[in-house]
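Peer 1: Right, I'll just put the structure down here and ask away after.
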């Protein structure tokens, strides 16, 4: 399980799911989408079989929206990107017979997630009572760092198709630098006894992500 979701990536790069979706996984693709309010229905799709979850991103006619609930195998609650993850859903606009895709960059996020756990020395706790992933309190801070590192991987992979020049390569380098800076400033806060309060903190060892 990662802390960052596709929604966290969407916040940083709204056009990524449209412009660089070839670097991601297309989990669902259909042309029978029906939107009413904040409900997306597709009779031909099986969201349960594809394990679609809250926080994933749907491109409806090339417009990205976030999944905020999975109602059934054929029905999702979706919203235009909200300023607050706990805010009210924003309807994307009604329509029928809509082309849509669910695109995910979770594989890249998973790589960065494991690198961060290793950097903080919590990927393989040695003793009972050592801080573990489930003890982390400041999840949203970690999610931002994961999203930044993931964007470096995504753009670095995409730029391989056009060489180390141009916008994709420049963005990969920008996000590499932003990831390194954010990771070096990150302090993990742990709750070890379940009372909701910080019992321990830990800074990371220095790591460098991919190529310079």
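Peer 1: Suppose we filter 42, 110 for residues that are in the same structural domain as residue 178 (by TED's automatic domain parsing) and either more than 12 Å from the chain's Cα centre (by Cα) or under 20 Å from residue 143 (Cα atoms) (or both); which single one remains?
Peer 2: 110
Peer 1: To continue, here is another question. How many residues does region 72-100 hold that are under 24 Å from residue 143 (Cα atoms) and in a strand (DSSP E or B)?
Peer 2: The qualifying residues number 4.
The rows are residues; the columns are (1) in contact (Cβ under 8 Å) with a residue 60 or more places away in the chain; (2) under 13 Å from residue 3 (Cβ atoms).
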| position | (1), (2) |
| --- | --- |
| 78 | no, no |
| 96 | yes, no |
| 99 | yes, no |
| 115 | yes, yes |
| 142 | yes, yes |
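Peer 1: So, in region 17-26, exactly how many residues are farther than 18 Å from residue 112 by Cα and either in a helix (DSSP H, G or I) or touching a helix residue (DSSP H, G or I) at 6+ places or on another chain (Cβ under 9 Å) (or both)?
Peer 2: 6
Peer 1: Here's another thing I want to ask about it. I want to confirm something. Restricting to region 93-113 and keeping residues that are over 15 Å from residue 56 (Cα atoms) and out of contact with any helix residue (DSSP H, G or I) (no Cβ under 8 Å at 6 or more places or on another chain), which single residue is modelled with the lowest pLDDT?
Peer 2: Ranking the candidates gives 93 first.
Peer 1: Within region 57-80, restricting attention to residues that are surrounded by fewer than 16 Cβ atoms within 10 Å (Cβ to Cβ) and under 15 Å from residue 37 (Cα atoms), which residue is farthest from the chain's Cα centre (by Cα)?
Peer 2: Filtering region 57-80 for residues that are surrounded by fewer than 16 Cβ atoms within 10 Å (Cβ to Cβ) and under 15 Å from residue 37 (Cα atoms), the one farthest from the chain's Cα centre (by Cα) comes out as 71.
Peer 1: Criterion first (surrounded by 21 or more Cβ atoms within 10 Å (Cβ to Cβ), within 18 Å of residue 17 (Cβ to Cβ), at pLDDT below 95 and outside the structural domain of residue 69 (by TED's automatic domain parsing)) does residue 159 satisfy it?
Peer 2: yes
Peer 1: Which numbered condition trips up residue 138, out of (1) modelled with pLDDT of 90 or more; (2) under 18 Å from residue 13 (Cβ atoms)?
Peer 2: (2)
The values are calculated or read from the model by the stated rules, or taken from the named source; none is laboratory data. Since we're looking at a predicted model, the values are computed, not measured. Here Cβ is always computed from backbone atoms with ideal geometry, including for glycine, and neighbour counts include all displayed protein chains.
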